[in-house]
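Notes follow the structure.
The values are calculated or read from the model by the stated rules, or taken from the named source; none is laboratory data. Since the model is a prediction, treat every value here as computed from it, not as a measurement. For neighbour counting, all protein chains shown are included, and Cβ atoms are generated from backbone atoms with ideal geometry for every residue, glycine included. What goes into the accessible areas is simple: the full protein's heavy atoms, side chains included, and nothing from ligands, DNA or RNA. Shrake-Rupley method; radii C 1.70, N 1.55, O 1.52, S 1.80 Å.
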Amino acid sequence: EILAFADMAMYSSKQAGKSRYRFFDHQTRLAVLEAARVETELRAALEKHELRLHFQPKFGLEDGALTGVEALVRWQHPERGLLGPAVFIELAEESGLIVPIGRWVLDQACAQLAAWRAQGLKPPPCAINVSRRQLAADTLVDDVRRALTANDLESSMLELEVTESLLMADTGRSLAVLQRLHTLGVGVAIDDFGTGYSSLSYLKRFPLNTLK
């Protein structure tokens with residue numbers, strides 16, 4: 001039991017960041033148990049088709065025209081209702097579930113763009129957030145290519161968003177993956193610029209289309 005409590009305190013310390021320590025208390029126990037419960041339910045949510053994709057429009061300031069959309073994942077929990085990303089995205093990142101969730105978002109977004117086009121609409125490019133684990137995975141570029149091909153979409157219809165801190169964490173690997181996406185014709189946006197490093201030199205190194 002002591003070892004289990006120590007493990008919970010360690011888990012809480014890891015969540016708080018590097019070079020931290022935590023003492024075990026019953027609040028820690030409740031938090032760890034809650035995280036474990038949400039992770040279990042999130043795994044089931046993928047299989048039960050409880051995830052939802054919402055599209056946030058982007059408008060031009062000059063003329064108010066629709067210039068794009070951003071795909072945002074939500075969780076339609078059977079008991080707690082519609083849950084935002086703050087409830088589950090960080091947990092998905094830590095557990096590795098973010099990779100299959102990210103693949104699902106990519107497939108659903110491309111399918112929706114194709115559905116709009118089949119209805120006679122002219123859908124704008126769609127932006128999709130990419131996490132650290134997705135960028136580190138070897139399958140990202142292949143997943144993007146597969147989703148575009150399956151829905152007969154031009155690569156210019158997608159824009160992948162990565163945060164500034166994510167690029168700085170592993171610049172060599174990030175640069176290689178983003179260059180492959182750029183060669184494929186997919187747009188690349190850097191998100192949260194100015195909230196961390198704000199390195200102007202990195203803007204020249206990376207194949208970026210959009211600065212947010």
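Remarks
- Which listed residue is open to solvent by 10 Å² or more (accessible area, probe 1.4 Å) and out of contact with any Leu (no Cβ under 9 Å at 6 or more places or on another chain), from A114, A150: A150
- Count - residues of region 117-138 that are surrounded by fewer than 16 Cβ atoms within 10 Å (Cβ to Cβ), assigned to a helix (DSSP H, G or I) and not charged (D, E, K, R): 2
- Residue match in region 6-22 (condition: of a type outside the set (D, E, K, R), surrounded by 12 or more Cβ atoms within 10 Å (Cβ to Cβ), modelled with pLDDT of 80 or more and outside any helix (DSSP H, G or I)): no
- Any hit, region 157-165, residues being at pLDDT below 95 and open to solvent by 20 Å² or more (accessible area, probe 1.4 Å): yes
- Yes/no for V177 being among the β-branched types (V, I, T) and under 14 Å from the mean Cα position of the chain (by Cα): no
- Looking across region 114-152, the residues that are closer than 18 Å to A189 by Cβ and over 19 Å from the mean Cα position of the chain (by Cα) come down to P123, P124.
- Some residue of region 186-200 being outside any helix (DSSP H, G or I), touching a Gly at 6+ places or on another chain (Cβ under 8 Å), modelled with pLDDT of 75 or more and not acidic (D, E): no
- Residue within region 173-181 that is open to solvent by 30 Å² or more (accessible area, probe 1.4 Å), of a type in the set (K, R) and part of a helix (DSSP H, G or I) present: yes
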